[in-house]
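All of the numbers you see were taken from the coordinates with simple rules; none came from a lab. Everything numeric here is computed off the predicted structure, so don't read it as measured data. Here Cβ is always computed from backbone atoms with ideal geometry, including for glycine, and neighbour counts include all displayed protein chains.
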Amino acid sequence: MKTYTVYYAMEPNFGYGPKPELASLFITHKKVKRLEAHDLGEVFYTMQGEIWSPNGEARPLIRSLGLHHTSMSVGDVILDDEDHIYYLVEPVGFSELRA
């Protein structure tokens with residue numbers, strides 16, 4: 001298992017706008033959670049609202065961060081903590097974010 005950090009987009013564009021840039025990631029995205037998973041797909045699955053917040057447990061956290069979505073979606077970012085690689089959630093799969 002690896003450790004990942006999840007960042008949600010403050011203003012998600014769901015793939016219809018410019019991709020986030022690493023230089024401004026901490027302005028455009030908010031850290032939501034660290035978790036252990038086998039791979040990026042498992043992180044995506046785990047971060048669906050019905051899995052990690054089936055009874056609305058995450059609502060207070062999401063609101064406190066100024067976010068508007070509980071489920072991970074296109075435009076959100078996953079950091080592989082061990083390899084220090086940032087991945088963008090794409091409409092299909094993931095792409096590496098580079099400086």
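Note that region 86-96 has calculated 3J(HN,Hα) couplings of 9, 10, 8, 6, 9, x, 9, x, 9, 10, 6 Hz, one per residue in order, obtained from phi through the Karplus relation 6.51 cos²θ - 1.76 cosθ + 1.60 (θ = phi - 60°); glycine and proline are x. Summing charges over all other residues whose Cβ lies under 9 Å from the Cβ of THR5, with Lys and Arg as +1 and Asp and Glu as -1, gives +1.
Once you order the gyration tensor axes a ≥ b ≥ c over the Cα atoms, which shape class does region 55-99 get: rounded for a/c under 1.5, otherwise prolate or oblate by comparing a/b with b/c? Note, shape of region 55-99 comes out prolate. In the chain, taking the dipole from charged Cβ atoms about the Cα centre, the farthest positive-side position among TYR86, TYR45, PHE26 is held by PHE26. For ASP81, the residues whose amide H sits under 5 Å from its own are THR3, TYR4, THR5, ignoring neighbours fewer than 5 places away on the same chain, with H placed 1.01 Å from N.
Sequentially through region 29-35, phi angles give Karplus couplings (6.51, -1.76, 1.60; θ = phi - 60°) of 10, 10, 5, 9, 6, 10, 8 Hz, Gly and Pro residues having no value and appearing as x.
Within straight cross-link reach of LYS33, meaning Cα distance under 15 Å, which aspartates and glutamates are found once same-chain residues fewer than 8 apart are removed? Result set, ordered by chain and number: GLU42, GLU57, ASP76, ASP80, ASP81. Note that region 51-58 has calculated 3J(HN,Hα) couplings of 9, 8, 8, x, 10, x, 4, 7 Hz, one per residue in order, obtained from phi through the Karplus relation 6.51 cos²θ - 1.76 cosθ + 1.60 (θ = phi - 60°); glycine and proline are x.
Rounded to the nearest 500, the helix-only mean residue ellipticity at 222 nm of the chain stands at -4500 deg cm²/dmol, with each DSSP H run of n ≥ 4 adding -39,500 (n - 2.57). For Rg and Dmax of the Cα atoms in Å, the listed values are (1) 30.2, 93; (2) 12.5, 38; (3) 15.6, 47; which was obtained by calculation from the structure presented? Evaluating Rg and Dmax of the Cα atoms in Å on these atoms matches (2).
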